[in-house]
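Taking it in order: structure first as structure tokens, then the write-up.
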């Protein structure tokens, strides 16, 4: 897969990062991810795969614990 593009076109200018400290492992964020890029780790917590994330923010809006932060890419980084 070309890192420059995802299934919807160019890489988005933001992506989700799940805080290991705040995540409770409830899995609610994964239920709302349209790309299914939020995966359960062996330790019982979740992580978002940066290259698959389209930056929609549905996981962040639905996290009860505010454990998800949307990280902004620079415009140049999104084109790489």
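The values are calculated or read from the model by the stated rules, or taken from the named source; none is laboratory data. Just so we're clear, the structure is a prediction, and the values are computed from it rather than from any experiment. When we count neighbours, we look across all protein chains shown, and the Cβ atoms used for this are built from the backbone with ideal geometry, even at glycine.
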Problem - Residue list for region 37-62, filter: part of a loop (DSSP other than H, G, I, E, B) and more than 12 Å from the chain's Cα centre (by Cα) - result: 41, 42, 43, 44, 45
Practice task
Kindly check whether there is at least one residue in region 67-80 that is part of a loop (DSSP other than H, G, I, E, B) and modelled with pLDDT of 90 or more.
Solution key: yes
Fill in the blank from the handout: For region 63-75, pairs from a residue that is on the phi > 0 side of the Ramachandran plot to a residue that is at pLDDT 95 or above, with Cβ under 9 Å and 6 or more apart or across chains, are 66/19; 66/22; 66/60
Problem - Of residues in region 38-55 being free of Cβ contacts under 8 Å to residues at least 40 places away in the same chain and touching a helix residue (DSSP H, G or I) at 6+ places or on another chain (Cβ under 9 Å), the one surrounded by the most Cβ atoms within 10 Å (Cβ to Cβ) - result: 46
